[in-house]
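One structure below.
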Amino acid sequence: MSGMSHHERERLATAYAATRYIIRPHPSTGGVEQILRAGALHPALDATLAARGHREWAFLTAWNPGSQWRSGEENRRAQERMVAQLVAGGWGAAPALGEADDGSWCEQSLFVPGLPREEAGRFGRAYGQVAVLVGRTGGQAELMFCEEARSPAP
């Protein structure tokens, strides 16, 4: 992704902004469907997460690395690996779906309450994602490009 042109990055940023990030009903989100948008506040979700002791969250997927189409089987296997890694790390994940407003793109995803943005960036990079959606209670949901989420080398 480091070789991504400015034009390609802008095109993808526009596509990601025109996406509904849908969290399926799950106990961690109050048992109701939540729809997130990049750049928007989500006070109902914030209240639910804060009541459970979470101050940040991430919306992740292992589908279609580099925003390039992959087969359903490849995507399912990658998503299963991501779920296993999250569980092994002690993180709970709610089923979710990233869906383009125009219906042209849809990806199985995960909503991970409490996952710090640095970890979200690490997962995104590990699974070849261009960007992940992250947030903190009281703040706007933010599209974070994974190449920019790198921690400085020790």
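The values are calculated or read from the model by the stated rules, or taken from the named source; none is laboratory data. What you are looking at is a predicted structure, and each value in this text was computed from that prediction instead of being measured. Neighbour counts run over all protein chains shown; Cβ positions are idealised from the backbone, glycine included. When the accessible area is computed, the model is the full protein with side chains, heavy atoms only, and any ligands, DNA or RNA have been set aside. Shrake-Rupley method; radii C 1.70, N 1.55, O 1.52, S 1.80 Å.
Considering the Cα positions of the chain, please state its Rg to one decimal place and its Dmax as a whole number of Å.
According to the Cα coordinates of the chain, Rg and Dmax are 14.6, 43 Å.
Can you give the accessible area per residue of the range 1-151, in Å², using a 1.4 Å probe?
Details: 7620 Å² over 151 residues.
That works out to 50 Å² for each residue.
Can you pull the percent of the chain's accessible area that's carbon plus sulfur, 1.4 Å probe, other chains left in place?
Details: 4260 of 8010 Å².
Heavy-atom surface of the chain belonging to carbon and sulfur, 1.4 Å probe: 53 percent.
DSSP H helices in the chain with Cα extent of 20 Å or more along the helix axis and mean Kyte-Doolittle hydropathy at least -1.0? Walk me through the intermediate numbers first.
Details: long enough: 72-88 (24 Å, -0.91).
Both cut-offs are met by 72-88.
By how many nm would the segment from residue 6 to residue 41 lengthen if fully extended, with 0.36 nm per residue of separation less the alpha-carbon distance? Display every interim value, and only then the final one.
On the way: separation 35, 0.36 × 35 = 12.60 nm, distance 2.73 nm.
Gain in length upon complete extension: 9.9 nm.
Could you tell me which of 89, 106, 78 has its Cα farthest along the dipole of the range 58-112 towards the positive end, charges placed at Cβ (Lys, Arg +1; Asp, Glu -1), taken about the Cα centre?
Of the listed residues, the answer is 89.
Taking 0.36 nm per residue of separation and subtracting the Cα-Cα distance, what length does fully extending residue 140 through residue 77 add?
Numbers: separation 63, 0.36 × 63 = 22.68 nm, distance 3.14 nm.
Length difference between fully extended and current span is 19.5 nm.
Assigning unit charges at the beta carbon (Lys, Arg +1; Asp, Glu -1) and nothing else, what dipole magnitude in debye, to the nearest 20, does the range 1-105 show about its Cα centre? Before the final figure, lay out the partial values.
On the way: 11 positive and 11 negative charges, 47 e Å.
The dipole of the range 1-105 has a size of about 220 debye.
At 222 nm, what helix-only mean residue ellipticity would the chain give, in deg cm²/dmol to the nearest 500, using -39500 (n - 2.57) for each DSSP H run of four or more?
Working: 4 runs with 48 residues, N = 154.
Here the helix-only value at 222 nm equals -9500 deg cm²/dmol.
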